[in-house]
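Below is one structure, written out as structure tokens; comments come after it.
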């Protein structure tokens with residue numbers, strides 16, 4: 001199978017628009033969409049405890065996070081490899097991982113940027129730089145998903161558009177703020193042989209209460225016809241080339 005159901009969700013430490021901290025609302029929103037892989041941002045601590053194991057256990061999805069921790073993580077039905085966190089500067093973060101779908105390898109980049117224009121521009125440059133998307137060893141299709149922290153046409157958007165393809169989104173694309181979603185901060189970019197078959201935003205009452213962001217869910221298909229080196233054959237876990 002070369003398709004997967006992907007969700008991106010900034011859960012803001014499970015604090016909703018009403019100020020209440022309620023992990024079960026986040027849990028229910030994710031469960032309703034039944035994603036294969038969830039890109040999580042702003043995990044934080046809930047009642048002084050790590051929320052990731054709680055979500056993982058109740059959703060039946062494996063949790064993946066860099067060994068150093070951080071506010072980004074994945075929940076996934078598929079095994080993920082080469083999980084590594086990158087500091088984009090000024091509080092910006094990227095969590096990179098690799099997944100194999102139908103024998104085809106895809107790079108995943110979970111992104112959280114800052115809304116201040118100068119900081120965000122620096123973070124976009126780092127994202128596109130030699131450590132990440134500018135690294136020639138990232139030769140497989142790439143899916144770049146997360147909270148891009150912009151409101152209208154912000155600094156760095158032109159640079160993103162010049163290198164990556166903006167993914168298909170719903171006609172009404174606002175995800176933030178959840179109670180009156182007018183800004184499409186939560187979205188995806190593509191590179192290489194990957195496409196979005198469909199996309200939807202959960203605007204239910206519970207989703208609008210659970211977090212300040214609404215979750216975006218997409219069906220992603222790898223269209224690259226090349227076969228990749230299987231992930232378990234790779235050593236080192238960092239930036240290995242996967243020849244076709």
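Counted as qualifying within region 17-94 are the strands (runs of 3 or more DSSP E) with 3 or more residues that are in contact with a strand residue (DSSP E or B) (Cβ under 7 Å, 6 or more places away or on another chain) and in contact (Cβ under 8 Å) with a residue 40 or more places away in the chain, namely 37-41, 80-89.
Can you pull out the residues in region 140-151 that are assigned to a loop (DSSP other than H, G, I, E, B), out of contact with any helix residue (DSSP H, G or I) (no Cβ under 7 Å at 6 or more places or on another chain) and either within 20 Å of residue 199 (Cβ to Cβ) or modelled with pLDDT under 95 (or both)?
First pass over region 140-151, keeping only residues assigned to a loop (DSSP other than H, G, I, E, B): 140-141, 148-151.
When the remaining residues are screened for being out of contact with any helix residue (DSSP H, G or I) (no Cβ under 7 Å at 6 or more places or on another chain), the result is 140-141, 148, 151.
Result: 141, 148, 151.
Of the residues 154, 178, only one is at pLDDT below 95 and surrounded by 14 or more Cβ atoms within 10 Å (Cβ to Cβ); which?
Values: 178 fails: at pLDDT below 95.
Checking each option against the conditions leaves just 154.
Summed over region 31-47, residues that are surrounded by 24 or more Cβ atoms within 10 Å (Cβ to Cβ) and in contact with a helix residue (DSSP H, G or I) (Cβ under 7 Å, 6 or more places away or on another chain) total 1. The set of residues from region 157-175 being in a loop (DSSP other than H, G, I, E, B), closer than 15 Å to residue 108 by Cα and modelled with pLDDT of 95 or more comprises just one member, 164. Give all pairs with beta carbons closer than 6 Å in which a residue from region 141-152 that is more than 21 Å from residue 85 (Cβ to Cβ) meets a residue that is buried (at least 21 other Cβ atoms within 10 Å of the Cβ); count only pairs at least 6 apart in sequence or on separate chains. Close Cβ pairs (under 6 Å, with a partner that is buried (at least 21 other Cβ atoms within 10 Å of the Cβ)) amount to 141/106; 141/194; 141/222.
Counting just the residues of region 110-125 that are surrounded by 23 or more Cβ atoms within 10 Å (Cβ to Cβ) and out of contact with any helix residue (DSSP H, G or I) (no Cβ under 6 Å at 6 or more places or on another chain), which one comes out nearest to residue 149 (Cα to Cα)?
Within region 110-125, the first condition is being surrounded by 23 or more Cβ atoms within 10 Å (Cβ to Cβ), and the residues that meet it are 110-113, 123-124.
Then keep just the ones that are out of contact with any helix residue (DSSP H, G or I) (no Cβ under 6 Å at 6 or more places or on another chain); that gives 110-112, 123.
Working: 110: 13, 111: 10, 112: 7, 123: 11 Å.
So, considering only residues that are surrounded by 23 or more Cβ atoms within 10 Å (Cβ to Cβ) and out of contact with any helix residue (DSSP H, G or I) (no Cβ under 6 Å at 6 or more places or on another chain), the one nearest to residue 149 (Cα to Cα) is 112.
So, residue 137, is that one part of a loop (DSSP other than H, G, I, E, B), more than 25 Å from residue 212 (Cα to Cα), out of contact with any strand residue (DSSP E or B) (no Cβ under 6 Å at 6 or more places or on another chain) and modelled with pLDDT under 95 or not? Judged against the criteria, residue 137 is a match. Which members of region 202-244 meet the condition of being in contact with a strand residue (DSSP E or B) (Cβ under 6 Å, 6 or more places away or on another chain) and at pLDDT 95 or above? Once the filter is applied, which keeps residues that are in contact with a strand residue (DSSP E or B) (Cβ under 6 Å, 6 or more places away or on another chain) and at pLDDT 95 or above, region 202-244 yields 213, 214, 215, 216, 217, 218, 219, 220, 221, 222.
The values are calculated or read from the model by the stated rules, or taken from the named source; none is laboratory data. Bear in mind the structure is a predicted one, so any value in this text is a computation, not a measurement. Note that each Cβ is placed from the backbone with ideal geometry, even for glycine, and that neighbours are counted across all protein chains shown.
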